[in-house]
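Chemist: Structure in C-alpha cells, see below.
The values are calculated or read from the model by the stated rules, or taken from the named source; none is laboratory data. All values derive from a computational prediction rather than experimental measurement. FYI the Cβ positions are ideal-geometry reconstructions off the backbone, even for glycines, and counts take in every protein chain you see. To get the accessible areas, we keep the full protein, side chains included, count just its heavy atoms, and leave off ligands, DNA and RNA. Shrake-Rupley method; radii C 1.70, N 1.55, O 1.52, S 1.80 Å.
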Amino acid sequence: MNEFTKKIVTAIVVLIVFVVCVALVVIGQRNIGASGLMIQLVGVAGLVVLLWLYNRQYR
C-alpha cells in the first residue's frame, strides 16, 4: 500500500469514528438517566481521543 492509499484509508476510518462518536452523544442525549449519560461519555471520550491524535502530530 502506498502513502496516498494509507492517507485515504486513515481519513475514512477517522471520519467513521467521528460520525459514530457524534451519534453516541446524540443518542445518549435522548435517553434520560445513567445509561444515557454513559453513552454520551463514551462518545465524548471518542471525540477527545480523535482530537488528541490530531494534535499529536503538531507537537
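Chemist: Helix 3-30 sits at what angle to the longest principal axis of the chain, using alpha carbons and giving 0 to 90 degrees rounded to 10?
Modeler: That helix lies at roughly 10 degrees to the long axis.
Chemist: Here is a follow-up. Cα axis of helix 34-56 to longest principal axis of the chain: angle in degrees, 0 to 90, nearest 10?
Modeler: In the chain, helix 34-56 runs at an angle near 20 degrees to the longest axis.
Chemist: Still on this structure: Once mean projected area of the Cα convex hull in nm² is worked out from the coordinates, which option in (1) 4.6; (2) 7.0; (3) 3.8 does it equal?
Modeler: Checking each listed value against the structure points to (1).
Chemist: Which of the peptides 20-27, 2-9, 49-56 is most tightly packed, and how do the rest follow, judged by the mean count of other Cβ atoms within 10 Å per residue?
Modeler: Numbers: 20-27: 14.8, 2-9: 9.0, 49-56: 10.6.
With the highest mean Cβ count within 10 Å placed first, the list reads 20-27, 49-56, 2-9.
Chemist: Give me the accessible area per residue for the chain, probe 1.4 Å, as a whole number in Å².
Modeler: Working: 4910 Å² over 59 residues.
About 83 Å² of surface per residue is accessible.
Chemist: On the accessible surface of the chain, probed at 1.4 Å, how many percent belong to carbon and sulfur atoms? Walk me through the intermediate numbers first.
Modeler: Values: 3580 of 4910 Å².
Carbon and sulfur: 73 percent of the exposed surface of the chain.
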